Amino acid sequence: MAIYREKDIFERRNAANEAKKALLERFKARPAADDPAVLARQAERKAILEARAIREAEKARLKQEQLAREAAERAEREAAAELARRAAEAAAAEEAKRREAEEAERIARLLAEEAERKAKRDARYAARKARVGRQPPGFSAR
């Protein structure tokens, strides 16, 4: 089993100084801004950004066209739905008128039948009243 040994302050300070030196050397080793490799990388990045901007503009244009198409289709569907709703309302109104006319006809027929029954009943009543004063045949009063 390995024995754990804590680093003392001198070892930690030396490690920090070495890390700083390595970082400084890496910074100094970077190519200058006018280096052809850096310029080529910058040109490549610029071309990528321009292509991305063109793609985004095309994507935005296509999205706007799609939204316009969807809005036109939605307006067309709403207009068709409105026409269908109006036709359904007209059909419902016509059906209501027809039912109302049938109901009025049925009521008139019922009233006519009731009047006919009343006339027959009145005729029977009048006939009965007319018979009251008469004697039935074969009946003699003594």
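Extension gain R131-L24, at 0.36 nm per residue separation less the Cα-Cα distance, in nm? Walk me through the numbers before you get to the answer.
Values: separation 107, 0.36 × 107 = 38.52 nm, distance 14.27 nm.
Extending this stretch completely gives an extra 24.2 nm.
Given DSSP loops and a limit of at most 12 other Cβ atoms within 10 Å, what is the longest stretch of the chain that contains no such chymotrypsin sites (Phe, Trp or Tyr not before Pro)?
Here the longest segment lacking exposed loop sites spans 5-138.
Using only the alpha-carbon atoms, what does the chain span along each of its principal axes? Please give whole angstrom values in decreasing order.
163, 56, 22
Work out the count of Lys pairs in the stretch 29-131 where the Cα-Cα distance is under 26 Å, with the pair 8 or more places apart or on different chains.
Working: K46/K59; K46/K63; K118/K129; K120/K129.
Summing the qualifying lysine pairs gives 4.
Assuming a ≥ b ≥ c are the square roots of the Cα gyration tensor eigenvalues, decide whether the stretch 11-85 counts as rounded (a/c under 1.5), prolate (otherwise, with a/b larger than b/c) or oblate.
Taking the square roots of the gyration eigenvalues as a ≥ b ≥ c, the stretch 11-85 is oblate.
Using alpha carbons only, how many degrees (0 to 90, rounded to 10) separate the axis of helix 9-29 from the longest principal axis of the chain?
80 degrees
Straight-line reach from K28: which lysines have Cα under 21 Å away, leaving out those fewer than 8 places along the same chain?
K20
None of the figures in this text is laboratory data; all of them are computed from the coordinates on show. Source: prediction; values computed, not measured. In this analysis, Cβ positions are derived from the backbone assuming ideal geometry, glycine residues included, and neighbour counts consider all displayed protein chains.
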